[in-house]
Amino acid sequence: MRKHLVLVGGGHAHMMTLEHIGKFVEKGFKVTVIGPSFYHYYSGMGPGMLGGTYSPSDIRFATRDVVQKQGGVFVKDKVERIDPGKKEIYTRTGHTFTYDVLSFNAGSYVPMKAAPGRIEEQDNIYSVKPIEKLMEASDKLKALFEQKKLIISIVGGGPSSAEVAGNVWQLAKKTGRHLPEIRIFAGKKFMARFPESVRSRVVSSLKKRGIQILETGYVKEIKPDKICLESGETFSTDFIFMALGVKPSTIFEASGLPVGPDKGLLVNKYLQSEKYPEIFGGGDCIYFKDEPLDKVGVYAVRENPILLHNLLASLEGKELEMFDPGPEYLLIFNVGGGLGVFKKKGLVFGGKIAFMVKDYIDRKFMKQFQAIEKEL
Ligand SMILES: Cc1cc2nc3c(=O)[nH]c(=O)nc-3n(C[C@H](O)[C@H](O)[C@H](O)COP(=O)(O)OP(=O)(O)OC[C@H]3O[C@@H](n4cnc5c(N)ncnc54)[C@H](O)[C@@H]3O)c2cc1C
C-alpha cells in the first residue's frame, strides 16, 4: 500500500507543497487534496478585487488543475472533522478518507453566529471571508450603485474593515451613478491595535472621502435593515459587511485534537501536532505553541518551505525542520482610491506609493504561483 498524504485546504501555507506534488508522486506516495473550491483566492488582493482593481482571475490559483496535472487527487468537499485515532477524515458530503500523514491549511472564518443578534448570511449581509464572498458582493453592489444611493455598513474596527470600506468607495466611484454613504462601526476605537502613526493615516484617508467611522460603542444587534448599538442608537442600512475578526477553522475542536486558546490546531516548532505527530498545519488555522502568531498571510507564506520539507520527511522517516517566524513583517493596507498605508518597523507613510508597493509585491506573488499552472 502506498503511503497517503492528505492536504486539507489548498491555502497560502500549502502553495509550495502543491507546487511539488509531482515529487511526492514520483517517490511513490499518494497525494489527495480536499478543498471546497477548485480555486484558492489570495486574500491580500481580496479588497482590491472588491474595488475593481483586480478581476477574480487575477487573484486566484487553480488548485485542482495543479494537483491533478501532477498525479494527485483533488476532492471538492469540506472536511468537518477527523478521528486521529483511526486516522480517518470525514467530509460534509459524507465521505471518509484515511491518511498516513495529514496537513491542515483550512484557514479561518468570520464567526457570523457569534455576531450580535446571531445573524445568518442574507442577501445583503456578507462576511469578508471567504474571499469568494467579496466577489459576490462586488457584483451585487455594482448593480445596486446604478439604481440608488445606498447606505453601506461595515461592522468591525480592524484592517479588513478599513480595506473593505475604502474599496467599496472605489467601486462606487468607478462604476456607479450614486455614491453610497459608508459607515464603519468600529466599537470603541478603530484600528486600536496599531500605532497612532498608522491609525491616523488610515482614518484620514477614509474620512477625506466621506467615510464615517463610529467609535461610540459596540454593536448590539444586526438586522438586515438596521444596526443597533449598545448605547441605544440605531442606524438604517441597505448592505452590511461583517469584518469582525476571524477564528481558526472549527475542524480541530470538533475532532478532539489539542488546540490553542483560539481553538486553532496546536502545533510545535515543526508545525506538527505533539500528540499526533503525523498531523501538521499552517496558516490561520494553527496555534503556534512557541509564539502566538498574528493571523496574516505573511506567516502562512513563510511556513511553506517548512511544511513542504516536513511532510516529505515525515513520509520518508527523515529529520524535520524547525519553523522560525522571522522578523517583523511589512504591512501595507489597501485603503482604496489607489492609496495605501505602509508600515515596516519605524517607517510609516501613506499615499499612492504605498499602494503601488503593495500592488507590485502582490502581483509578483501571484505571477510566481500562477506560473505553475501554466508550466504544468
Ligand atoms: C479582507 C482581508 C484582507 C486581508 N489582507 C491581508 C494582507 O494584505 N496581507 C496579509 O498578510 N494578510 C491579509 N489578510 C489575512 C489573510 O487573509 C490570512 O492570514 C490568510 O488568508 C491566511 O491564509 P490561510 O491559507 O491560512 O487561510 P485561507 O486563505 O483562509 O485559506 C484556507 C483554504 O482552506 C480551504 N478550506 C476552508 N475550510 C476548509 C475545510 N473545512 N476543508 C477543506 N478546505 C477548507 C479554503 O477554501 C481555502 O482555500 C487579510 C484578511 C482579510 C479578511
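The values are calculated or read from the model by the stated rules, or taken from the named source; none is laboratory data. These figures come from a predicted structure and were not determined experimentally. All Cβ positions, even for glycine, are placed from backbone atoms using ideal geometry, and neighbour counts span all protein chains on display. Accessible surface is based on the protein model in full, side chains and every heavy atom, while ligands, DNA and RNA are left aside. Shrake-Rupley method; radii C 1.70, N 1.55, O 1.52, S 1.80 Å.
Overview of values
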| quantity | calculated |
| --- | --- |
| Output for the stretch 215-260, where each listed residue is in a strand (DSSP E or B), in contact with a Leu (Cβ under 8 Å, 6 or more places away or on another chain) and within 30 Å of Asp290 (Cα to Cα) | Pro248, Val259 |
| Residues (assigned to a strand (DSSP E or B) and either without any contact (Cβ under 8 Å) to a residue 40 or more places away in the chain or more than 19 Å from the chain's Cα centre (by Cα) (or both)) located in the stretch 299-339 | Ile332, Leu339 |
| So Gly210, is it closer than 22 Å to Phe355 by Cα and part of a loop (DSSP other than H, G, I, E, B) | yes |
| So Phe342, is it of a type in the set (Phe, Trp, Tyr), over 16 Å from the mean Cα position of the chain (by Cα) and assigned to a helix (DSSP H, G or I) | no |
| The stretch 30-58 - residue that is open to solvent by 20 Å² or more (accessible area, probe 1.4 Å) and aromatic (Phe, Trp, Tyr) and, of those, nearest to the chain's Cα centre (by Cα) | Tyr42 |
| Any hit, the stretch 25-48, residues being assigned to a helix (DSSP H, G or I) and more than 12 Å from the ligand (Cβ to nearest atom) | yes |
| Where a residue in the stretch 75-96 is over 18 Å from Gly256 (Cα atoms) and open to solvent by less than 70 Å² (accessible area, probe 1.4 Å) and its partner, wherever it lies, is within 14 Å of the ligand (Cβ to nearest atom) and among the hydrophobic types (A, V, I, L, M, F, W, C), with Cβ under 8 Å and at least six apart | Val75/Val33; Val75/Ile34; Val75/Phe97; Asp77/Ile34 |
| Among residues of the stretch 344-358, those that are open to solvent by 30 Å² or more (accessible area, probe 1.4 Å) and touching a residue at least 24 places away in the same chain (Cβ under 8 Å), counted | 3 |
| Qualifying residue in the stretch 301-322 (condition: within 30 Å of Gly166 (Cβ to Cβ), aliphatic (A, V, I, L, M) and open to solvent by 50 Å² or more (accessible area, probe 1.4 Å)) | yes |
| The listed residue being touching a strand residue (DSSP E or B) at 6+ places or on another chain (Cβ under 8 Å), farther than 22 Å from Lys133 by Cβ and not small (Gly, Ala, Ser), out of Val202, Val168 | Val202 |
| Where Arg2 falls short, out of the listed (1) part of a loop (DSSP other than H, G, I, E, B); (2) touching a helix residue (DSSP H, G or I) at 6+ places or on another chain (Cβ under 7 Å); (3) not aliphatic (A, V, I, L, M) | (2) |
| Filtered residues of the stretch 345-367 (kept if under 21 Å from the mean Cα position of the chain (by Cα) and of a type in the set (A, V, I, L, M, F, W, C)) | Phe355, Val357, Ile361, Phe365, Met366 |
| Pairs where the first residue, in the stretch 236-261, is in contact (Cβ under 8 Å) with a residue 40 or more places away in the chain and the second is aromatic (Phe, Trp, Tyr) and part of a loop (DSSP other than H, G, I, E, B), C-beta under 9 Å, 6+ apart | Leu257/Tyr276 |
| Hits in the stretch 168-187 (condition: crowded, with 20+ Cβ neighbours inside 10 Å and in a helix (DSSP H, G or I)) | Val168, Trp169, Gln170, Leu171, Ala172 |
| Count of the stretch 278-298 residues which are free of Cβ contacts under 8 Å to residues at least 40 places away in the same chain, open to solvent by 20 Å² or more (accessible area, probe 1.4 Å) and within 15 Å of the ligand (Cβ to nearest atom) | 6 |
| Failed criterion for Ala13 (all others in (1) within 17 Å of the chain's Cα centre (by Cα); (2) under 30 Å from Tyr360 (Cα atoms); (3) open to solvent by 10 Å² or more (accessible area, probe 1.4 Å); (4) not polar (S, T, N, Q) hold) | (3) |
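Let's see how each residue does on (1) under 27 Å from Lys275 (Cβ atoms); (2) charged (D, E, K, R):
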{"position": "Val6", "(1), (2)": "yes, no"}
{"position": "His14", "(1), (2)": "yes, no"}
{"position": "Gly44", "(1), (2)": "no, no"}
{"position": "Phe61", "(1), (2)": "no, no"}
{"position": "Asp65", "(1), (2)": "no, yes"}
{"position": "Val73", "(1), (2)": "no, no"}
{"position": "Asp83", "(1), (2)": "yes, yes"}
{"position": "Tyr109", "(1), (2)": "yes, no"}
